[in-house]
Ligand SMILES: Cc1cc2nc3c(=O)[nH]c(=O)nc-3n(C[C@H](O)[C@H](O)[C@H](O)COP(=O)(O)OP(=O)(O)OC[C@H]3O[C@@H](n4cnc5c(N)ncnc54)[C@H](O)[C@@H]3O)c2cc1C
């Protein structure tokens, strides 16, 4: 018998496992592949407040506070750096888009500066091209290493007694008289009264048999990773129309992403040293486009050798903000999914919020905008997950 079973060891599930174990609960953390096997490993891993939906901004701010000391708390490196986020205007038409972002977000209380000349921009980021016209700059944004961070949460959770079961697939949640009673996997049955579904794009596979169906689109993002070069770029770089983004990792590698693309539906399962892992392959065309777009604004990336590539899948909800909800109509069930391309930054606060919901106490931040019931009346898609980084 477990107090809580968490399905999914991405950043949302692993931080939830850690937070619940910290409060003394007996937790089982299950993943059909392993830690950071899907979005939480595929990600660009920007840790940003800028460009956020107003409902999400308090969560992003709280998360950024936690990121400052997370590595010490987990006693494990996160490679978090606070180099800032630059969102660029490359054409005259993009300049008003950036100006509007700065106006809106400063009004929302964020420290966001408008850089109006290439000289101002290149004083902050000399690696950027000379034709970039303007930029927003949020100095308190940054990035972290996704796999190190998720592994940090998992190991800290294990030290607190969390039982981790990787390479095990949840088949269904057993519900009797409207209450969770167990989780059934391909390896057995785990009796429990509480379940957290943190299964990303696969969340609905588990929820639909219970009559819950979070409206999701699943677009794809192409990701390229270069071989290491000397450190030239501290900031996470985005652009006004979100057709590319990128940053240089702590190890010198560039990690660069495309905008949203249609997913062709293919998902391979490959044996790796860490076990079976999912892999989505981008097209040659999308790889060439990323090199051209990001190489145009960061010439050092175009000159670097490409070491690896993959595509990541996004769990995009109609309003591009997640479901974080413990009141979905089944006693003991908490849902946290649909992070729409920006759930990595939120991970550390997601775990604390899930812990509040599992323990049926007032959540420490307002969660009304993240309720599943908002889709009862409308399931039409109004927002795109346009801003990564
Ligand atoms: C290319 C890309 C770039 C991004 N850039 C950013 C960014 O810059 N900043 C940012 O904040 N966010 C970004 N995101 C989004 C962010 O990475 C995700 O929102 C976040 O990682 C979601 O974490 P999660 O734990 O909710 O889901 P996931 O990481 O997808 O984890 C879900 C887990 O559930 C497991 N699972 C599924 N079904 C089952 C089952 N039946 N049984 C057992 N286990 C199961 C999966 O194996 C998986 O490990 C990006 C995403 C992508 C793809």
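The values are calculated or read from the model by the stated rules, or taken from the named source; none is laboratory data. Just so you know, these numbers come straight off a predicted model, no measurement behind them. Cβ atoms come from the backbone with ideal geometry, glycine included; neighbour counts cover every protein chain shown.
Numbers at a glance
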| item | result |
| --- | --- |
| Flag if residue 24 is on the phi > 0 side of the Ramachandran plot, assigned by TED's automatic domain parsing to the domain that holds residue 191, touching a helix residue (DSSP H, G or I) at 6+ places or on another chain (Cβ under 7 Å) and outside any helix (DSSP H, G or I) | no |
| Output for the range 217-234, where each listed residue is more than 10 Å from the ligand (Cβ to nearest atom), surrounded by 20 or more Cβ atoms within 10 Å (Cβ to Cβ) and under 19 Å from residue 341 (Cβ atoms) | 224 |
| Subset of the range 33-77 [within 13 Å of the ligand (Cβ to nearest atom), in a loop (DSSP other than H, G, I, E, B) and in contact with a helix residue (DSSP H, G or I) (Cβ under 7 Å, 6 or more places away or on another chain)] | 35, 36, 38, 43, 45, 48, 49, 50, 51, 52 |
| Unique residue being in contact (Cβ under 8 Å) with a residue 40 or more places away in the chain, within 11 Å of the ligand (Cβ to nearest atom), farther than 27 Å from residue 279 by Cβ and surrounded by 15 or more Cβ atoms within 10 Å (Cβ to Cβ) when the list is 173, 201, 206 | 173 |
| Residue, nearest to residue 148 (Cα to Cα), within the range 251-267, restricted to residues that are surrounded by fewer than 17 Cβ atoms within 10 Å (Cβ to Cβ) and more than 14 Å from the ligand (Cβ to nearest atom) | 251 |
| Per-region count, the range 179-198, residues buried (at least 22 other Cβ atoms within 10 Å of the Cβ) and within 11 Å of the ligand (Cβ to nearest atom) | 4 |
| Every residue from the range 326-351 that is away from the ligand (no atom under 11 Å from the Cβ), part of a strand (DSSP E or B) and crowded, with 22+ Cβ neighbours inside 10 Å | 333, 334 |
| Residue check for residue 17: at pLDDT 95 or above, over 17 Å from residue 360 (Cβ atoms), surrounded by fewer than 24 Cβ atoms within 10 Å (Cβ to Cβ) and more than 7 Å from the ligand (Cβ to nearest atom) | no |
| Residue in the range 365-389 that is nearest to residue 153 (Cα to Cα), counting only those that are modelled with pLDDT of 95 or more and loosely packed, with under 14 Cβ neighbours inside 10 Å | 366 |
| Qualifying residue in the range 84-107 (condition: over 21 Å from residue 244 (Cα atoms) and surrounded by 21 or more Cβ atoms within 10 Å (Cβ to Cβ)) | no |
| Given (1) more than 24 Å from residue 146 (Cα to Cα); (2) in the same structural domain as residue 17 (by TED's automatic domain parsing); (3) free of Cβ contacts under 8 Å to residues at least 24 places away in the same chain, number of the condition residue 103 does not satisfy | (2) |
